[in-house]
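Single-structure report; data block below.
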Amino acid sequence: MDCSVKLDMVGKRFTTTVDGKEGYLQFRQISPHVFDLNYINVHEDLRGRGVASSLLHNALIFAQKEHIQIIPGCEFVETYLRKHPEFRCVAWEEAI
């Protein structure tokens with residue numbers, strides 16, 4: 001599913017709303033160019049529709065454009081990076 005994703009720097013999360021339900025990918029900003037993507041939450045009504053993958057995909061594209069390194073701080077992010085080697089370039093070297 002391709003959904004509109006917004007970056008909320010104050011709340012430290014990437015967010016989306018689908019059918020009035022929210023999903024988000026939370027991060028800790030370790031430094032200006034290192035984000036720890038540590039928690040993803042999608043409303044139960046949206047699960048299984050690719051919303052979490054779309055959130056993460058958009059976050060990784062943002063990281064590529066902004067030259068941000070990603071620490072895969074949760075299992076979902078780790079698994080996604082293993083399945084999508086095109087994004088390994090944004091994975092923080094010490095986290096791989």
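The values are calculated or read from the model by the stated rules, or taken from the named source; none is laboratory data. Every value quoted in this text rests on a predicted model; they were computed, and no experiment measured them. Here Cβ is always computed from backbone atoms with ideal geometry, including for glycine, and neighbour counts include all displayed protein chains.
Can you pull out the residues in the range 61-74 that are assigned to a strand (DSSP E or B) and either in contact (Cβ under 8 Å) with a residue 40 or more places away in the chain or touching a Cys at 6+ places or on another chain (Cβ under 9 Å) (or both)?
The answer is ILE71, and nothing else.
Among the residues of the range 38-60, is there at least one that is under 13 Å from the mean Cα position of the chain (by Cα), in a helix (DSSP H, G or I) and either acidic (Asp, Glu) or closer than 15 Å to TRP92 by Cα (or both)?
yes
Within the range 1-37, take every residue that is of a type in the set (D, E, K, R) and not in a strand (DSSP E or B) and give me the one that is modelled with the highest pLDDT.
LYS12
Could you list all residues from the range 75-96 that are part of a helix (DSSP H, G or I) and among the hydrophobic types (A, V, I, L, M, F, W, C)?
If the condition is that a residue be part of a helix (DSSP H, G or I) and among the hydrophobic types (A, V, I, L, M, F, W, C), then PHE76, VAL77, LEU81, PHE87, CYS89, VAL90, ALA95 are the ones that fit.
Hey, among LEU46, LEU37, LEU56, which residue is crowded, with 19+ Cβ neighbours inside 10 Å and in contact with a Pro (Cβ under 7 Å, 6 or more places away or on another chain)?
Checking each option against the conditions leaves just LEU37.
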